[in-house]
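*Asks:* Here it is: the structure, laid out below.
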Amino acid sequence: MTTGQARFCLECGTALALLAQDEDGGARTRLRCPACGWTHWNNPTPVLAAVIECSDREGRVLLARNAAWSGRMFALITGFMEAGETAQQGIAREIAEETALEVEQLTLIGVYDFQRMNQVIIAFHALAHGEIRLSPELAEYRLFEPPQLRCWPAGTGFALADWLRSRGHEPQFLEPLPRA
């Protein structure tokens, strides 16, 4: 069982077990309640991401380092979509919350699976402006000319690569980090 999965039935409190059951398309093994049959579906979580191009900074791209990360990795602004908002509203909110930038325009880059985290990433290109003021969850930021950007071989790194290609730049990828 991975982090974030239910361990007990939300209906009756019984410990969940991996049980096979016939569903559309055949038998599927999922966490289920052996007492009442409740199923933990473990559907992917929608995550929003933005390649932020700063219109008032010669079109440079903002990448930020999360305060909880060790090392010097800089990445896209991301956040969870909230109930009652569209993906566009959600990423505009995340950009404002995390950087204080005002979004002028949003364009969908694509949708990417990130199975290691059980997420679906909805990535946008955001044209934004304003004074950059980071939230406490971000430690620092850097502005990059598009040809300077290096993509990481996972999750939002693929969105950055697709955006670079759409701008006529062949993406350069960082080497994968060794798994611990």
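The values are calculated or read from the model by the stated rules, or taken from the named source; none is laboratory data. Worth saying up front: this structure is predicted, and the values here are computed from it rather than measured. Backbone-built Cβ (ideal geometry, glycine too); neighbour counts: all protein chains shown.
*Asks:* Within the set of pairs 6+ apart or on separate chains, which have a first residue in region 83-110 that is assigned to a helix (DSSP H, G or I), a second that is of a type in the set (Lys, Arg), and C-beta atoms under 8 Å apart?
*Replies:* Close Cβ pairs (under 8 Å, with a partner that is of a type in the set (Lys, Arg)) amount to Thr99/Arg133.
*Asks:* Go through Gln105, Gln148 for me and flag whichever is over 19 Å from the mean Cα position of the chain (by Cα) and under 23 Å from Gly71 (Cβ atoms).
*Replies:* Details: Gln105 fails: under 23 Å from Gly71 (Cβ atoms).
Exactly one residue qualifies, and that residue is Gln148.
*Asks:* Still on this model: Tell me, which residue of region 6-23 that is assigned to a loop (DSSP other than H, G, I, E, B) and within 29 Å of the chain's Cα centre (by Cα) is modelled with the lowest pLDDT?
*Replies:* Of everything passing the filter in region 6-23, Ala6 is modelled with the lowest pLDDT.
*Asks:* For Glu85, are the conditions met, namely being of a type in the set (Asp, Glu), surrounded by fewer than 14 Cβ atoms within 10 Å (Cβ to Cβ) and assigned by TED's automatic domain parsing to the domain that holds Gly157?
*Replies:* Against the criterion (of a type in the set (Asp, Glu), surrounded by fewer than 14 Cβ atoms within 10 Å (Cβ to Cβ) and assigned by TED's automatic domain parsing to the domain that holds Gly157), Glu85 qualifies.
*Asks:* Separate question: For Trp69, which of the numbered conditions (1) closer than 21 Å to Leu160 by Cα; (2) among the hydrophobic types (A, V, I, L, M, F, W, C); (3) not in a loop (DSSP other than H, G, I, E, B) fails to hold?
*Replies:* Just one mismatch for Trp69, condition (3).
*Asks:* In region 149-180, what count of residues is obtained for those that are over 27 Å from Pro46 (Cβ atoms) and surrounded by 13 or more Cβ atoms within 10 Å (Cβ to Cβ)?
*Replies:* Within region 149-180, residues that are over 27 Å from Pro46 (Cβ atoms) and surrounded by 13 or more Cβ atoms within 10 Å (Cβ to Cβ) number 1.
*Asks:* Let me ask something else. When you check Thr99 against the structure, is it of a type in the set (Val, Ile, Thr), out of contact with any Asp or Glu (no Cβ under 9 Å at 6 or more places or on another chain), farther than 22 Å from Ala6 by Cα and buried (at least 16 other Cβ atoms within 10 Å of the Cβ), yes or no?
*Replies:* Spelling it out, Thr99 is indeed of a type in the set (Val, Ile, Thr), out of contact with any Asp or Glu (no Cβ under 9 Å at 6 or more places or on another chain), farther than 22 Å from Ala6 by Cα and buried (at least 16 other Cβ atoms within 10 Å of the Cβ).
*Asks:* Continuing with the same structure: Check off (1) modelled with pLDDT under 95; (2) not in a strand (DSSP E or B) for Arg28 and give me the number that stays unchecked.
*Replies:* (2)
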